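Undergrad: Below is the structure I would like to discuss, written out as structure tokens.
Coordinate-derived values only; no laboratory data. Quantities reported herein were computed from a predicted structural model and do not represent experimental measurements. Methodologically, a virtual Cβ is constructed for each residue, glycine included, from the backbone with ideal geometry; neighbour enumeration extends over all protein chains shown.
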Amino acid sequence: MENMMANFFEGRSRHTLDEKGRLAIPARFREILKQRDDSSLVVTNLNTCLVAFAKDDWQKIKEKAINLPFFDPAANIYFRYFISGAVECPLKQGRILIPPDLRELAALTKDVVLVGALTRFEIWDKARWDEEFERSKKDFSGISQSLTDLGI
């Protein structure tokens, strides 16, 4: 169980995108990918940030998505927005290159924050993250019943 727990993306860290859109991945996240024998991330758009998955976790998402009903409007929105944005970003010298269209969607320019979320991590523009974090901090005490209902 202890080794399994080490395979999750956790914590927050600040980083800087270079002029080409390259992002240094923290050593603790690279170690997770190394443990999984993975040398790339799958990055896609999610609301006002990007989200990065190890390839095996992205594969699980695809396996669930492939069975969604073809004529379901929610499924089509999911495919058109979330699935279609996915790009495999190889890890080179500890960095990934985030494509310009994804950087634009998430308003990533220079200062970014990586936010661990267990099976994935989010990539936020720092100013947007600061706003989201303040909103989340303010709302946290009010969601206790929802968390209890989820078994947390």
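Undergrad: Testing Glu88 on (1) under 16 Å from Cys49 (Cα atoms); (2) touching a helix residue (DSSP H, G or I) at 6+ places or on another chain (Cβ under 9 Å); (3) free of Cβ contacts under 8 Å to residues at least 60 places away in the same chain, one condition comes back false. Which one is that?
TA: Every condition holds for Glu88 apart from (1).
Undergrad: Would you point out the residue of region 72-85, among those that are of a type outside the set (A, V, I, L, M) and within 20 Å of Thr48 (Cα to Cα), that is surrounded by the most Cβ atoms within 10 Å (Cβ to Cβ)?
TA: Gly85
Undergrad: Sticking with this one: Filter region 123-152 for residues that are more than 24 Å from Phe53 (Cβ to Cβ), surrounded by fewer than 10 Cβ atoms within 10 Å (Cβ to Cβ) and among the small types (Gly, Ala, Ser) and give the result.
TA: Of everything in region 123-152, those that are more than 24 Å from Phe53 (Cβ to Cβ), surrounded by fewer than 10 Cβ atoms within 10 Å (Cβ to Cβ) and among the small types (Gly, Ala, Ser) turn out to be Ser141, Gly142, Ser146.
Undergrad: Being under 20 Å from Arg30 (Cα atoms) and in contact (Cβ under 8 Å) with a residue 24 or more places away in the chain is the filter here; which residues of region 91-105 pass it?
TA: Result: Leu91, Gly94, Arg95, Ile96, Leu97, Ile98, Pro99.
Undergrad: Within region 50-85, work out how many residues are over 20 Å from Thr119 (Cα atoms) and in contact (Cβ under 8 Å) with a residue 60 or more places away in the chain.
TA: 0
Undergrad: Only residues that are surrounded by fewer than 16 Cβ atoms within 10 Å (Cβ to Cβ) and part of a strand (DSSP E or B): list them for region 98-122, please.
TA: Asp111, Leu118
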